[in-house]
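Handing you this structure, nothing more for now.
The values are calculated or read from the model by the stated rules, or taken from the named source; none is laboratory data. Small disclaimer: the values here were computed from a predicted structure and weren't measured. Cβ: placed from backbone, ideal geometry, glycine included. Neighbour counts: every protein chain shown. SASA here: full protein model, heavy atoms, side chains in, ligands and nucleic acids out. Shrake-Rupley method; radii C 1.70, N 1.55, O 1.52, S 1.80 Å.
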Amino acid sequence: MMISIKGAKRCAFCTNWYDPTNSCISPKNPRINLWEFDSRAKNKCLIKNIDTQAGSYCQRYQCKLTIN
C-alpha cells in the first residue's frame, strides 16, 4: 500500500511501533513524502504493549521519518 506520510498516521511509520530495521516500509518518492508499506505486517506497539497492524493508527502517533 502506498501513502503520503504527511497526513496519514499509520503505525508502520510510528516510533512506537517496533520495527528497528524498518523492514515493512520503503520509499517510493520521499521528496514528496510518498512511501510504501506492508499493511498486513504486525509488530508490537511499545505504548499499548500489543501487536498491531501496520495500517492501524492511534492518537499517540509520532512519525519516525523526516517530513518535507
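For the range 12-41, give me each residue that is among the hydrophobic types (A, V, I, L, M, F, W, C) and more than 12 Å from residue 65 (Cα to Cα).
If the condition is that a residue be among the hydrophobic types (A, V, I, L, M, F, W, C) and more than 12 Å from residue 65 (Cα to Cα), then 17, 24, 32, 37, 41 are the ones that fit.
Of all residues in the range 52-68, which are open to solvent by 70 Å² or more (accessible area, probe 1.4 Å) and outside any loop (DSSP other than H, G, I, E, B)?
Matches in the range 52-68: 53 only.
Here is a check on your reading of the model: is residue 9 touching a residue at least 24 places away in the same chain (Cβ under 8 Å), assigned to a loop (DSSP other than H, G, I, E, B), open to solvent by 50 Å² or more (accessible area, probe 1.4 Å) and charged (D, E, K, R)? Show your work before the answer.
Numbers: touching a residue at least 24 places away in the same chain (Cβ under 8 Å): yes; assigned to a loop (DSSP other than H, G, I, E, B): yes; open to solvent by 50 Å² or more (accessible area, probe 1.4 Å): yes; charged (D, E, K, R): yes.
So residue 9 fits the description; yes.
I'd like to check something: does the range 19-38 contain any residue that is among the charged types (D, E, K, R), part of a loop (DSSP other than H, G, I, E, B), at pLDDT below 95 and open to solvent by 100 Å² or more (accessible area, probe 1.4 Å)?
Checked against the condition, which is being among the charged types (D, E, K, R), part of a loop (DSSP other than H, G, I, E, B), at pLDDT below 95 and open to solvent by 100 Å² or more (accessible area, probe 1.4 Å), the range 19-38 yields no hits at all.
May I pose another question? Look at the range 39-51 and say how many of its residues are outside any strand (DSSP E or B) and either loosely packed, with under 10 Cβ neighbours inside 10 Å or in contact (Cβ under 8 Å) with a residue 60 or more places away in the chain (or both).
Of the range 39-51, the ones outside any strand (DSSP E or B) are 39-41, 46-49.
If we keep only those that are either loosely packed, with under 10 Cβ neighbours inside 10 Å or in contact (Cβ under 8 Å) with a residue 60 or more places away in the chain (or both) as well, we get 49.
Selection size over the range 39-51: 1.
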